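Chemist: Okay, here's the structure, questions in a sec.
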Amino acid sequence: MAGHGESSTAASSSTPSALGEVGLVDPANSERKFYRDKETGLQREIWRPGDGDGEQTTDYFERIGPPLPIEKRWRLFQSDIGPITAKNQPPRFVILDDRAAFEVLKSDIQRAKLVHHWPHDFGGTGKLRIRRPHRGRAAIKDPSAEGDAKFESTQPGNKKDYYFTGVKDFQSIKYRYEPPKPEEKRKKRKPSRDEEDYNPRGHGHNQYTPKDMLVKHGAPSFSLKEPQAPRLSGLMRRKPEPRHIRNRAIAENAHFSVQREALRRQGDAEPPQAREEHKERRRLREQDADYRDVGLALGFASFPDDGEESDEPVPFRRPDSKPVRDDTPDFSVSQSELQIPRKMGFIERRAFEQKLAEQTIASIATNEDVTRIANELAQANVKLQQQAEQIERLTAELEEAQTVDSAWQVEAEAAQDRVAELEARNAELEKQLEARDGLLEAVQEDARVEI
């Protein structure tokens, strides 16, 4: 087996019967050879003619998970198959050694195919991976040179060159390889004269063409183009519409006409009293929507009358009738409630508030609208005052709770000191009891001796 930085004896282990006349190994009668990569510690099979392409979905680049079985790992390609070109490529989904990687890199194979077919060696836009470990054979540039100048190189990044040095003392296994025979191109059968498509202009029309062959005189037309649409004119009252737009408009009108017909039938089936109730509910909902849309976007609480200019503010008072909310379904469209989102930039918020204020001012038509807006602002001020009082109350409760908590902490510390003092006294009493027990035992022992 061959490893990174180790000597390989894979070729020497082949049997003499498997060697041909020129020292090539017969892939059909030889044992399977393996290669161990020192960088990853994984053992891989060496590709031999007849194996074909690897499986794309098993040992792909940067795979996460436990190691795969050896039969599912991508094989190492280290064979000589002749000049590598777009028509003579190495097998796909294998791991190339240094020499094969250099030959593939300088070939005319598309860069996108390099990344797709050999992702362990190439990445990005078809360049060699910067941290690619060296494998197998070396790509020799000048055998008489020394050091890195002896090997071919490339620049995968912008810092330093990558030299295809391969693995030291690696011995490649030379398999007998027969290049695939190119397929013979069969000549296409020329179609007969009868099978050719009719070309009305093939014979060339001119002033001597018979009239029965001219379209304008009734001859059949073989053109596949649609008739020319009428030109748009500014003098026309209605411009002609394309066919797809006209059909789309018909479909949309049919869709909405079905809805309108259903609503009309439902309205006809209701008694007159129910219709009046629905109209009243619709009016109240629209009025309620107007109340909600005002908000706090306006910076004033009074408006002058419509006909007179006065500086006196309009007195705040309750509306004459409170809107009645009814959940009965109605087929009318109510105004949407405009709410300012919380997460919005300062500029967007100011523009939205200005737009809302302009919309509210535009909706003011009578003195009743002024009164309604003033009442809404008064209610908003009351709510703000209530919220401020609630915040003050919660702040006072929090301070009181913190004060009680600090008092409890002082009491707890005093109790701990008392417990420590009692434990010390208990220890002293235990020592005194032990001393008395020892003295009592000594007295008893003396009494026994005297007896």
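Chemist: For residues in region 124-153 being surrounded by fewer than 19 Cβ atoms within 10 Å (Cβ to Cβ), among the small types (Gly, Ala, Ser) and at negative phi, which is nearest to the chain's Cα centre (by Cα)?
Modeler: The extreme case among them is SER153.
Chemist: Follow-up question, since we're still on this one. For SER8, work out the one condition from (1) under 14 Å from SER172 (Cβ atoms); (2) of a type in the set (Ser, Thr, Tyr); (3) at pLDDT 90 or above; (4) assigned to a loop (DSSP other than H, G, I, E, B) it doesn't fulfil.
Modeler: (3)
Chemist: Follow-up question, since we're still on this one. Determine whether region 77-91 contains at least one residue that is of a type in the set (A, V, I, L, M), assigned to a loop (DSSP other than H, G, I, E, B), touching a Gly at 6+ places or on another chain (Cβ under 8 Å) and in the same structural domain as THR40 (by TED's automatic domain parsing).
Modeler: No, region 77-91 contains no residue that is of a type in the set (A, V, I, L, M), assigned to a loop (DSSP other than H, G, I, E, B), touching a Gly at 6+ places or on another chain (Cβ under 8 Å) and in the same structural domain as THR40 (by TED's automatic domain parsing).
Chemist: Which one of these does SER363 not meet: (1) more than 60 Å from the chain's Cα centre (by Cα); (2) surrounded by 10 or more Cβ atoms within 10 Å (Cβ to Cβ); (3) small (Gly, Ala, Ser)?
Modeler: So SER363 meets the others, but not (1).
The values are calculated or read from the model by the stated rules, or taken from the named source; none is laboratory data. Note that the structure is predicted; figures quoted are calculated from it, not measured. Virtual Cβ from ideal backbone geometry, glycine too; neighbours counted across all protein chains shown.
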